[in-house]
Amino acid sequence: MLTTFGTAVSVAREAPTTSTSSRQPASRGKTRPPVYIPPPRGQAAVRVGAATRGVRDDLAHLQALAPDHVGLTVSAQPVLVWQLSERSDVRVDVTVIDGRSPAPLLEYSLNPPVRAGYLDIDLAEHGVTLVVVSSYLWYVALVPNPLRRSHDVIAGGAVRRVEQEVDQTDDPASDYAEQGIWYDAVMALRGETAGGGNPRLEALAAQVGLSAEIR
């Protein structure tokens, strides 16, 4: 449960790193959607789906671009992506928690209006570095009433940094997705647009049960 939000807590900053192999598979192009192949897993589902627990039904639809399991990254400072269906007129709180500690590693607020579309939690921008030995939970929350936090609408997921070689082609998003590295696949797709949308990112999100209709 998210109860308090304050100033971001900075930790030692480290330049983003990506582990790759020297092998260069044949080019596949960037026309088809990436196919996500989840890593072996045995843990319970961890994604938090946005759900209204209060009385307002006019809030924007919220979702975290996270799988329903602990998603992987090879980056020390990945970008975590979330999405709003429409502009929000309420505050949005962002929280990142290290699984080894109950205290938030990062927390900050976005004051309204908060624009619609894809939005980023750039860990490098906030001086946050993930270590390999830990898993992290991250949440975004619409806060319609700061005095009644039970009315919050919350979405989130989990991320773990791994040291893994990733074969590279000219389509990094597909390379990461096919090798189970979710968050790096999402990051690779963030810059792609077509007609104002991001069809390959929407297709990737749909593979883990996220809505492809949200804009």
Problem - Members of region 172-204 that are out of contact with any strand residue (DSSP E or B) (no Cβ under 8 Å at 6 or more places or on another chain) and among the aliphatic types (A, V, I, L, M) - result: 173, 177, 185, 188, 189, 194, 203, 204
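Residue 138: modelled with pLDDT of 95 or more, among the aromatic types (Phe, Trp, Tyr) and within 30 Å of residue 58 (Cβ to Cβ), yes or no? Before the answer, list the steps.
Working: modelled with pLDDT of 95 or more: yes; among the aromatic types (Phe, Trp, Tyr): yes; within 30 Å of residue 58 (Cβ to Cβ): yes.
It is true that residue 138 is modelled with pLDDT of 95 or more, among the aromatic types (Phe, Trp, Tyr) and within 30 Å of residue 58 (Cβ to Cβ).
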Exercise for the section: Would you mind finding the one in 156, 197 that is under 17 Å from residue 119 (Cα atoms) and under 12 Å from the mean Cα position of the chain (by Cα)? Expected result: 156
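Quick grid of which residues meet (1) buried (at least 19 other Cβ atoms within 10 Å of the Cβ); (2) farther than 21 Å from residue 186 by Cα:
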site: 103; (1), (2): no, yes
site: 130; (1), (2): yes, no
site: 138; (1), (2): yes, no
site: 143; (1), (2): yes, yes
Problem - Residues of region 160-181 satisfying the condition of being buried (at least 23 other Cβ atoms within 10 Å of the Cβ) and closer than 11 Å to residue 74 by Cβ - result: 176, 181
Practice task
Would you check if residue 64 is in contact with a strand residue (DSSP E or B) (Cβ under 8 Å, 6 or more places away or on another chain), of a type outside the set (Lys, Arg) and at pLDDT below 90?
Solution key: no
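The values are calculated or read from the model by the stated rules, or taken from the named source; none is laboratory data. Computed from a predicted structure; not experimentally measured. Quick reminder, even Gly has a Cβ in these numbers, built from the backbone with ideal geometry, and neighbours come from all protein chains shown.
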